Amino acid sequence: MNRHRFKSRIRGIKKKTLVMILEASKENHPKEFSAVLRAKDGIITEIMLLPGTISGNRHAIMQLHMLPVDFSVVGTIHSHPSPNFNWSRQDLHFFQKFGGIHIITCYPYDEGSWRAYDLYGNVVELEVVH
Ligand SMILES: [Zn+2]
């Protein structure tokens, strides 16, 4: 039993959190940006950087099981420096390891440059809330 399997009953994301994610992705371009997502009452409200996740190193996010249990963590976000927000085989393997919700942003990091997935790689429609 993986104690870090995220619970996912997420229905939306705060607009300002989404903007922050897209801006951070843009700032890190052409490197990958990654972070974990935190939610409150089913709405993603915050991102949290993990040590070592800056500078395009997703290795640290893969080490999530090393962290203390944090039930507000509901998933992850990472950016693709290409104009493609589809998951890769490696991404899907990672999603399935943790469950929850996983956002991928892509170049050029505008309003439409992101998509959310469940652990099987199915698209999850997230409501953008103010
Ligand atoms: Zn990816």
query: For the stretch 95-116, how many residues meet the condition of being under 17 Å from residue 42 (Cβ atoms) and of a type outside the set (A, V, I, L, M, F, W, C)?
result: 3
query: Within the stretch 93-111, how many residues are aliphatic (A, V, I, L, M) and more than 9 Å from the ligand (Cβ to nearest atom)?
result: 2
query: Counting only residues that are acidic (Asp, Glu) and part of a helix (DSSP H, G or I), how many does the stretch 10-39 have?
result: 2
- line: Within the stretch 21-56, restricting to residues that are surrounded by fewer than 14 Cβ atoms within 10 Å (Cβ to Cβ) and at pLDDT below 85, the one that is nearest to residue 84 (Cα to Cα) is 55
- prompt: Counting only residues that are away from the ligand (no atom under 16 Å from the Cβ) and modelled with pLDDT of 65 or more, which one in the stretch 68-89 is surrounded by the most Cβ atoms within 10 Å (Cβ to Cβ)?
  reply: 74
- line: Taking first residues from the stretch 75-97 that are over 13 Å from residue 21 (Cβ atoms) and small (Gly, Ala, Ser) and second residues anywhere that are modelled with pLDDT of 90 or more and more than 10 Å from the ligand (Cβ to nearest atom), the pairs with Cβ under 8 Å that are 6 or more apart or on different chains are 82/107
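The values are calculated or read from the model by the stated rules, or taken from the named source; none is laboratory data. Here the structure is a predicted model, which is why all the values come from computation and not from measurement. No Cβ is skipped: glycine too gets one built from the backbone with ideal geometry, and neighbour counts run over all protein chains shown.
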